[in-house]
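One structure is given below, encoded as structure tokens.
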Amino acid sequence: MVKIFRLKHIISIKDFEREDVEYILDEASKLEDIAKSREISDELKGKILGLMFFEPSTRTRISFETAMKRLDGQCIGFTSSGSSSVSKGESIADTAKMFEGYSDALVIRHELEGVSKFISDVVDVPVINAGDGAGQHPTQTLLDLYTIKNEIGSIDNLRIALIGDLKFGRTVHSLSQALGLFDNVKIYLVSPPELRMPQEVLIDLNKTNVEYEEVTNIEDIIDDVDVLYVTRIQKERFADINDYLKIKGAYIINKKMLEGKDVIVMHPLPRVDEIDTDVDDTEFNKYFTQAANAVPVRMAILKTLIKNNPK
Ligand code: NCD
């Protein structure tokens, strides 16, 4: 049976079935050689990707650009609200419609939840959510799952600790919802009490077979997990900077804590101080591999959406 990818847009990981995730991960495996050997395939020759980044980004934007270029496509766009006409008062809908006229797919990052969904309702080209406020970051989740599958061998039966800012961290929202599509997964939610996983995500997890437990100490769970998924405290989303200062540095992973453990360390990056640099040269470090995996996974996403939805 020929498999097809059902979705036109990638807005929320909640729109995915397990087979949609598997489709992208399989495509990414097929494209990995091109990404790793730094070659170019002509799959998207002549196509243009529109990058609308209203909020800062390094990895996400650069890896989308790299992915498009490895498929022989090109990119246009802006990297902050200040450098777009939104700063002159243009509406987001108008900016998006103009981009629709120039490009074959749009990648959106914005500080407000729901903006990518809104844009997908006003344009006719595929829209990819590259992070909307404290909401979702579905393409990061796909590359996280790709990394877990490559490093651990399977996503089923996974034992994972999500550590840090579970309240504002969009990567952990999408990742935990995606893990709900797999079998026999246990998630330890490790955060300070102020930064616990939002109720709406827990409600979603309750509807799945995922088992989860909220804990405050890494030491209590480190022997039980395959993956420590560490996140940055999202300073920019605190209304009062003093609340940030109180919990800053709450969790710091270092080499000594990891010695003798059968665990890998992942992080969507950027890191501030939550992983000591002494972990970088150890076998526990998978965060740079994870960042590199962004290219084949985003190649798979772009190839699939643009080929499935020709203009
Ligand atoms: C994350 C993001 O933007 O949500 N970064 C990324 O895309 N790799 C994580 C973060 O900013 O902490």
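Separation of the alpha carbons by more than 20 angstrom is noted, of 3/117; 14/207; 149/255; 45/149; 167/246, for 3/117; 149/255; 45/149. Taking the square roots of five times each eigenvalue of the Cα gyration tensor of region 128-249, the equivalent ellipsoid has semi-axes of 23, 17, 13 Å, listed largest first.
Would you mind giving the average projected area, over all directions, of the Cα convex hull of region 67-106 in nm² with one decimal?
The orientation-averaged projected area of the Cα hull of region 67-106 comes to 3.1 nm².
Treating each Cα of region 1-131 as one equal point scatterer and applying the Debye formula with no solvent, the log10 of I(q)/I(0) at q = 0.13, 0.14, 0.16, 0.19 Å⁻¹ comes out as -0.58, -0.67, -0.87, -1.19.
Heavy-atom surface analysis with a 1.4 Å probe gives the chain a carbon and sulfur content of 46 percent of its accessible area. Per-residue Karplus couplings for region 256-264, computed as 6.51 cos²θ - 1.76 cosθ + 1.60 with θ equal to phi - 60°, are listed in order as 4, 5, 8, 4, x, 9, 9, 8, 10 Hz, Gly and Pro entered as x.
Counting only DSSP H runs of at least 4 residues, each contributing -39500 (n - 2.57), and dividing by the residue count of the chain, the helix-based mean residue ellipticity at 222 nm comes to -11500 deg cm²/dmol.
Of the chymotrypsin sites (Phe, Trp or Tyr not before Pro) in region 1-76, not one is in a loop by DSSP (not H, G, I, E or B) with at most 11 other beta carbons within 10 Å. A convex hull fitted around the alpha carbon atoms of the chain yields 136 Å³ per residue. Divide the volume of the convex hull around the Cα atoms of region 158-311 by the residue count and you get 143 Å³ per residue.
The values are calculated or read from the model by the stated rules, or taken from the named source; none is laboratory data. All figures in this text were calculated on a predicted structure; none of them were measured in a lab. Because the Cβ atoms are built from the backbone with ideal geometry, glycine has one as well, and the counts that use them run over all protein chains shown. Surface accessibility is based on the protein's heavy atoms, side chains included, excluding ligands, DNA and RNA. Shrake-Rupley method; radii C 1.70, N 1.55, O 1.52, S 1.80 Å.
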